[in-house]
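Trainee: Below you'll find the structure I mean.
The values are calculated or read from the model by the stated rules, or taken from the named source; none is laboratory data. These numbers were taken from a predicted model, which means no experiment stands behind them. Neighbour counts are summed over all protein chains in view; Cβ atoms, including those assigned to glycine, are modelled from backbone coordinates with ideal geometry. All accessible areas refer to the heavy atoms of the entire protein, side chains included, with ligands and DNA or RNA removed. Shrake-Rupley method; radii C 1.70, N 1.55, O 1.52, S 1.80 Å.
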Amino acid sequence: MKTAPAKGAEIVPLKAEDGLRRHGRLSAKKITLAHGGGGSAMRDLIDDVFISAFENPAMGDLEDQARLPLTQFTASGDRLAFTTDGFVVDPLFFPGGDLGKLAVYGTVNDLAVGGAKPLYLSCAMIIEEGVEVETLRQLVASMKAAAAEAGVSIVTGDTKVVGKGQADKVFITTAGVGAIPAGLNLGVRQVQPGDVVIVNGKLGDHGAAILAARGDLELESPIHSDCRPLTGLVQALLKAAPNTHFIRDCTRGGLASTLNEVSDGTGFGIRLQEKAIPLREELRGFCEILGLDPLYLANEGSFAAFVPRAEAEAALAALRRVDGGQEAAIIGEVTTSGGRVIMDTLFGGARIVDMLVGEQLPRIC
Amino acid sequence: MKYADEFRDSALAAGLAKAIAEQLDALGATEETPVRIMEVCGGHTHAIFRYGLADLLPKSIEFLHGPGCPVCVLPRSRVDDCLAIAMKPNVIFATFGDAMRVPGSKGSLLQAKGDGADVRMVYSPLDALTLARRNPDKEVVFFALGFETTMPSTALTVLKAREEGITNFSLLVNHITIIPTLRAILDDPEMRIDGFIGPGHVTMIIGTEPYGFIASEYKKPLVVAGFEPLDLLQSLHMVLKQKVEQRCEIENQYARVVPNTGNAVARKAVEQVYETREHCEWRGLGDIEQSGVQFNAAFAAYDAEKKFAIHNASVPDPAECRCGDVLKGLAKPWQCPAFGKACTPEIPLGALMVSSEGSCAAYYQYSAVHNEALEEARNAKAS
């Protein structure tokens with residue numbers, strides 16, 4: 001079968017037709033332990049569900065490893081960026097995304113915020129016995145679309161099936177590699193007092209979308225996950241503000257945790273302006289009802305960038321031209337002392353924004 | 001956000017803060033001899049910290065953070081009861097989220113969940129009833145926690161369960177009432193309170209009349225307040241106005257939500273299902289007579305205490321805890337020897353460190369151990 005090659009695969013010097021095998025067909029409706037047993041059932045699963053979607057030249061003849069030309073990395077930079085992340089989410093599908101999309105964008109974004117050009121991903125799946133094959137197909141299709149959107153190729157992978165109750169439906173681990181352009185050295189230690197803190201868009205949507213989709217709270221909400229690749233946004237930012245010091249995506253623990261990590265890592269304080277933090281009206285209402293603080297809700301398509309003030313306006317203008325950056329805003333700045341994150345409240349007071357201990361739990365009344 | 005942002009206007013707040021400062025001067029209050037106002041409700045404590053209210057006000061006013069956070073006054077023995085039921089086979093134990101972290105003598109519901117108990121977080125007791133409907137082969141137990149605010153919803157849920165003939169559903173009731181506890185606090189000889197900010201949500205049910213004795217017998221003003229920062233400032237202004245004019249009355253700032261007569265329909269539902277409990281244990285405060293409710297005989301079938309033969313045995317608070325003094329406003333959280341050491345949000349000894357409405361957690365997160373930073377924020381604002 002023909003699939004449109006992912007952008008990242010375009011310069012791999014193999015022809016798309018090379019080395020691709022005839023596919024097995026999977027007729028089962030549900031995954032059983034047999035599909036992890038190493039026999040023909042497993043091969044059918046891999047062929048029909050994974051290879052048929054991800055097939056690309058770098059997979060070659062399904063050797064035990066993907067073989068990637070070094071020239072592609074050296075053409076894009078002088079260092080390899082390498083990262084891995086495990087993804088579990090309940091429910092698997094939620095407004096604005098699904099586990100597959102998360103697994104691709106999560107790893108892509110970990111590479112992107114380091115300034116790297118993400119190129120290749122691996123994908124290891126742990127599947128619970130009894131999962132519908134159709135569910136897997138949907139996740140894989142979503143990963144394929146996300147990889148194409150992010151310009152990366154999924155080139156190697158693994159599948160394990162575990163017994164009922166030994167995993168929650170599907171767990172995905174992806175690792176990713178990319179190239180960091182020469183001369184670019186983003187890092188928390190580069191952050192300086194006077195740097196402004198820029199976020200690319202509205203915060204907290206992913207965490208709220210997951211909470212609402214879980215159904216425990218019987219709340220309907222129009223909020224969609226912000227799940228998206230950050231590569232384009234980061235590249236635009238770095239082009240407009242080449243002296244940017246540090247970027248981090250605000251995933252688990254939200255903006256508050258990201259900023260506290262920076263404050264802890266540098267010893268500098270961070271002063272936030274509550275009125276400048278972009279939040280969706282629906283999200284504010286959702287948090288108000290449940291007694292949640294949006295600053296601690298997870299994001300999957302938002303970062304905080306630490307940019308010298310002189311380049312801040314250029315950075316904002318550049319971000320606002322890119323999809324997912326229209327709501328970019330300066331939300332605060334790095335201060336010399338304190339070593340704490342402090343927010344001037346909308347109301348005219350000030351409060352400390354601390355690390356969260358565990359998960360946020362909705363209040364009783 | 002409509003109907004919320006209007007109550008968070010910083011210009012209006014600055015005006016009110018200035019007027020409050022003038023009242024405090026007129027009363028001769030100083031940092032050493034401040035006017036001491038107890039906000040009874042945990043929701044108010046949370047709002048005071050969340051909006052940085054203390055930053056706007058002079059140091060000649062001191063907030064005492066009262067016992068009106070149902071999670072904070074949950075005794076260890078009651079959490080033990082929850083665990084005893086939750087760990088039984090075939091039980092789904094449903095609870096409001098913030099009760100899950102409260103430690104009993106054998107751990108919290110969150111830990112029990114980790115040990116394999118089927119503990120579910122719900123937002124309403126009706127969600128627990130839905131669980132019972134969907135799981136007819138399981139026993140679903142809802143932890144009915146809270147003041148008068150949540151009593152009507154649990155009472156109506158039980159009435160609905162009876163109407164539908166659902167039998168695999170019961171409630172572990174830890175509903176408490178604020179009035180006997182306010183009296184106990186006022187009777188404490190060490191106590192010095194100049195006035196009260198009254199609980200808005202509780203009053204929505206019980207009305208303002210039950211507070212009458214605070215003004216008539218104890219000569220303290222009380223103003224029922226809403227939960228937005230401007231509500232709190234206005235209520236404070238009303239309390240101080242009474243002080244300046246040497247009045248002691250029960251006033252209602254939250255009239256846009258709270259009728260002075262409360263909610264008679266809700267009270268009727270509560271009276272139909274519950275009766276006064278002779279003794280009720282509060283964390284830190286101990287046993288307070290008639291400060292809670294239990295199912296009456298007609299609804300015994302829905303009483304998890306009976307269904308699971310639970311005998312609420314008192315467990316003393318950890319010896320080093322000063323939860324009681326903090327709840328009564330006799331000690332600030334950081335004056336407790338356990339604060340920030342044996343008792344932190346990661347490993348809470350007392351429930352005041354658990355709930356976002358608990359004053360220990362609020363101080364720990366927003367100030368106290370990080371006091372210098374908050375000071376710096378204040379100084380930066382002034383300069």
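Trainee: Among the listed residues B:P75, B:P58, B:P67, which satisfies the condition of being in contact (Cβ under 8 Å) with a residue 12 or more places away in the chain and either of a type in the set (S, T, Y) or within 14 Å of another protein chain (Cβ to nearest Cβ) (or both)?
Mentor: Values: B:P75 fails: either of a type in the set (S, T, Y) or within 14 Å of another protein chain (Cβ to nearest Cβ) (or both); B:P67 fails: either of a type in the set (S, T, Y) or within 14 Å of another protein chain (Cβ to nearest Cβ) (or both).
Exactly one residue qualifies, and that residue is B:P58.
Trainee: Could I ask something else about it? Condition first: within 13 Å of another protein chain (Cβ to nearest Cβ) and buried (at least 16 other Cβ atoms within 10 Å of the Cβ). Now tell me which residues in the stretch A:261-275 satisfy that.
Mentor: A:S263, A:F268, A:G269, A:I270, A:R271, A:L272, A:Q273, A:E274
To keep it simple, each residue is scored yes or no on (1) within 14 Å of another protein chain (Cβ to nearest Cβ); (2) among the basic types (K, R); (3) farther than 18 Å from B:F49 by Cβ; (4) under 27 Å from the mean Cα position of the chain (by Cα).
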residue	(1), (2), (3), (4)
A:R284	yes, yes, yes, yes
A:I289	yes, no, yes, no
A:Y296	yes, no, no, yes
A:F306	no, no, yes, yes
A:V341	yes, no, no, yes
A:L346	yes, no, no, no
A:R351	yes, yes, no, no
A:L361	yes, no, no, yes
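Trainee: Same structure again: So B:Y123 fits all but one of (1) among the aromatic types (F, W, Y); (2) open to solvent by 40 Å² or more (accessible area, probe 1.4 Å); (3) away from chain A (no Cβ under 11 Å); what number is the exception?
Mentor: Going through (1) among the aromatic types (F, W, Y); (2) open to solvent by 40 Å² or more (accessible area, probe 1.4 Å); (3) away from chain A (no Cβ under 11 Å) one by one, B:Y123 breaks only (3).
Trainee: Still on this model: Which of the residues belonging to the stretch A:209-236 are within 14 Å of another protein chain (Cβ to nearest Cβ), touching a Leu at 6+ places or on another chain (Cβ under 8 Å) and part of a helix (DSSP H, G or I)?
Mentor: Listed by number, the residues that qualify are A:L211, A:A212.
Trainee: Next question, about the same structure. What pairs can you find where one residue is in the stretch B:206-225 and aromatic (F, W, Y), the other is surrounded by fewer than 23 Cβ atoms within 10 Å (Cβ to Cβ) and modelled with pLDDT under 95, and their Cβ atoms are less than 7 Å apart, with a gap of 6+ or different chains?
Mentor: B:Y218/B:L186
Trainee: Scan B:T149, B:T157 and give me the residue that is in the same structural domain as B:A301 (by TED's automatic domain parsing), modelled with pLDDT of 95 or more and closer than 18 Å to B:K268 by Cβ.
Mentor: Details: B:T149 fails: modelled with pLDDT of 95 or more.
Residue meeting the stated conditions: B:T157.
Trainee: Tell me whether the stretch A:129-145 contains one or more residues that are modelled with pLDDT of 95 or more, under 13 Å from A:P229 (Cα atoms), buried (at least 21 other Cβ atoms within 10 Å of the Cβ) and of a type in the set (G, A, S).
Mentor: Looking for residues that are modelled with pLDDT of 95 or more, under 13 Å from A:P229 (Cα atoms), buried (at least 21 other Cβ atoms within 10 Å of the Cβ) and of a type in the set (G, A, S), one finds none in the stretch A:129-145, hence no.
Trainee: Looking at (1) of a type in the set (G, A, S); (2) in a loop (DSSP other than H, G, I, E, B); (3) touching a strand residue (DSSP E or B) at 6+ places or on another chain (Cβ under 9 Å), find the lone condition where A:A175 falls short.
Mentor: (2)
Trainee: If you check B:K113, B:K138, which single one turns out to be within 12 Å of chain A (Cβ to nearest Cβ), surrounded by fewer than 18 Cβ atoms within 10 Å (Cβ to Cβ), more than 24 Å from the chain's Cα centre (by Cα) and modelled with pLDDT of 90 or more? Step through it out loud before you land on a result.
Mentor: On the way: B:K138 fails: within 12 Å of chain A (Cβ to nearest Cβ).
Just a single option satisfies the conditions, and that option is B:K113.
Trainee: Select from the stretch B:1-30 the residues that are in a loop (DSSP other than H, G, I, E, B) and under 22 Å from A:A350 (Cα atoms) and list them in ascending order. Walk me through it before giving the result.
Mentor: Restricting attention to the stretch B:1-30, the residues satisfying the condition of being in a loop (DSSP other than H, G, I, E, B) are B:1-4, B:9, B:27-30.
Listed by number, the residues that qualify are B:M1, B:A4, B:D9.
Trainee: From A:A312, A:A318, which residue is among the aliphatic types (A, V, I, L, M), more than 14 Å from every other protein chain (Cβ to nearest Cβ), within 27 Å of A:L102 (Cα to Cα) and open to solvent by less than 30 Å² (accessible area, probe 1.4 Å)?
Mentor: Details: A:A312 fails: within 27 Å of A:L102 (Cα to Cα).
Checking each option against the conditions leaves just A:A318.
Trainee: Only residues in the stretch B:254-265 that are not assigned by TED's automatic domain parsing to the domain that holds B:T150 count as the first member; pair them with residues that are part of a helix (DSSP H, G or I) and modelled with pLDDT of 95 or more, Cβ under 7 angstrom, at least 6 apart or cross-chain, and list the lot.
Mentor: Going by the 7 Å Cβ cut-off, there are no qualifying pairs.
Trainee: Another question about this same structure. Would you mind finding the one in B:A304, B:A313, B:A298 that is without any contact (Cβ under 8 Å) to a residue 40 or more places away in the chain and either aliphatic (A, V, I, L, M) or loosely packed, with under 14 Cβ neighbours inside 10 Å (or both)? Lay out the reasoning, then the answer.
Mentor: Values: B:A304 fails: without any contact (Cβ under 8 Å) to a residue 40 or more places away in the chain; B:A313 fails: without any contact (Cβ under 8 Å) to a residue 40 or more places away in the chain.
Testing whether each residue is without any contact (Cβ under 8 Å) to a residue 40 or more places away in the chain and either aliphatic (A, V, I, L, M) or loosely packed, with under 14 Cβ neighbours inside 10 Å (or both) leaves just B:A298.
Trainee: Okay, moving on. Restricting to the stretch B:18-42, count the residues that are within 14 Å of chain A (Cβ to nearest Cβ), in contact with a His (Cβ under 9 Å, 6 or more places away or on another chain) and surrounded by fewer than 24 Cβ atoms within 10 Å (Cβ to Cβ).
Mentor: Residues flagged as within 14 Å of chain A (Cβ to nearest Cβ), in contact with a His (Cβ under 9 Å, 6 or more places away or on another chain) and surrounded by fewer than 24 Cβ atoms within 10 Å (Cβ to Cβ) within the stretch B:18-42 amount to 1.
Trainee: Within the stretch B:350-378, restricting attention to residues that are modelled with pLDDT of 55 or more and of a type in the set (D, E), which residue is surrounded by the fewest Cβ atoms within 10 Å (Cβ to Cβ)?
Mentor: B:E372
Trainee: In the stretch B:314-350, what residues are closer than 17 Å to B:R192 by Cβ and hydrophobic (A, V, I, L, M, F, W, C)? Spell out the reasoning first.
Mentor: First, pick out the residues of the stretch B:314-350 that are closer than 17 Å to B:R192 by Cβ: B:324-332, B:335.
Those that are closer than 17 Å to B:R192 by Cβ and hydrophobic (A, V, I, L, M, F, W, C): B:V326, B:L327, B:L330, B:A331.
Trainee: What number goes with the only condition from (1) under 24 Å from A:V108 (Cα atoms); (2) part of a helix (DSSP H, G or I); (3) over 22 Å from the mean Cα position of the chain (by Cα) that A:K239 does not pass?
Mentor: Single failed check for A:K239: (3).
Per-residue answers, yes or no, for (1) touching a residue at least 24 places away in the same chain (Cβ under 8 Å); (2) not in a helix (DSSP H, G or I):
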{"residue": "A:E300", "(1), (2)": "yes, yes"}
{"residue": "A:F306", "(1), (2)": "yes, yes"}
{"residue": "A:E311", "(1), (2)": "yes, no"}
{"residue": "A:A318", "(1), (2)": "yes, no"}
{"residue": "A:D323", "(1), (2)": "yes, yes"}
{"residue": "A:R351", "(1), (2)": "no, yes"}
{"residue": "A:D354", "(1), (2)": "yes, yes"}
{"residue": "A:G358", "(1), (2)": "no, yes"}
{"residue": "A:L361", "(1), (2)": "no, yes"}
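Trainee: Among the numbered criteria (1) more than 14 Å from chain A (Cβ to nearest Cβ); (2) open to solvent by less than 10 Å² (accessible area, probe 1.4 Å); (3) touching a helix residue (DSSP H, G or I) at 6+ places or on another chain (Cβ under 7 Å), which one does B:S105 miss?
Mentor: (2)
Trainee: Just give me the residues in the stretch A:81-124 being more than 25 Å from A:H224 (Cβ to Cβ) and part of a strand (DSSP E or B), in sequence order.
Mentor: First, the residues of the stretch A:81-124 that are more than 25 Å from A:H224 (Cβ to Cβ): A:81-84, A:114-117, A:119-120, A:122, A:124.
Scanning the stretch A:81-124 gives A:A81, A:F82, A:T83, A:T84, A:K117, A:L119, A:Y120, A:S122, A:A124.
Trainee: Identify, please: which residue in the stretch B:182-214 is under 21 Å from B:I288 (Cβ atoms) and among the small types (G, A, S) and is, among those, farthest from the chain's Cα centre (by Cα)?
Mentor: B:G212
Trainee: Would you mind stating whether A:T107 is open to solvent by less than 10 Å² (accessible area, probe 1.4 Å), hydroxyl-bearing (S, T, Y) and touching a residue at least 24 places away in the same chain (Cβ under 8 Å)? Full working, then the answer.
Mentor: Numbers: open to solvent by less than 10 Å² (accessible area, probe 1.4 Å): yes; hydroxyl-bearing (S, T, Y): yes; touching a residue at least 24 places away in the same chain (Cβ under 8 Å): yes.
Against the criterion (open to solvent by less than 10 Å² (accessible area, probe 1.4 Å), hydroxyl-bearing (S, T, Y) and touching a residue at least 24 places away in the same chain (Cβ under 8 Å)), A:T107 qualifies.
Trainee: Here is a list of conditions, (1) over 30 Å from A:G267 (Cα atoms); (2) in contact with a Gly (Cβ under 8 Å, 6 or more places away or on another chain); (3) hydrophobic (A, V, I, L, M, F, W, C), and A:A116 meets all of them except one; can you say which number that is?
Mentor: (1)
Trainee: Any residue in the stretch B:179-193 that's touching a residue at least 60 places away in the same chain (Cβ under 8 Å): show its pairings with residues that are in a loop (DSSP other than H, G, I, E, B) and among the charged types (D, E, K, R) at Cβ separation under 9 Å, as long as the two are six or more apart or on different chains.
Mentor: Final answer for the pair search is B:A184/B:K328; B:I185/B:K328; B:D188/B:K328; B:E190/B:K328; B:M191/B:K328; B:I193/B:K220.
Trainee: What residue, of A:P242, A:P278, is in contact with a helix residue (DSSP H, G or I) (Cβ under 8 Å, 6 or more places away or on another chain), touching a residue at least 40 places away in the same chain (Cβ under 8 Å) and open to solvent by 10 Å² or more (accessible area, probe 1.4 Å)? Give the steps one after another, and end with the answer.
Mentor: Details: A:P278 fails: in contact with a helix residue (DSSP H, G or I) (Cβ under 8 Å, 6 or more places away or on another chain).
That would be A:P242, the only listed residue that is in contact with a helix residue (DSSP H, G or I) (Cβ under 8 Å, 6 or more places away or on another chain), touching a residue at least 40 places away in the same chain (Cβ under 8 Å) and open to solvent by 10 Å² or more (accessible area, probe 1.4 Å).
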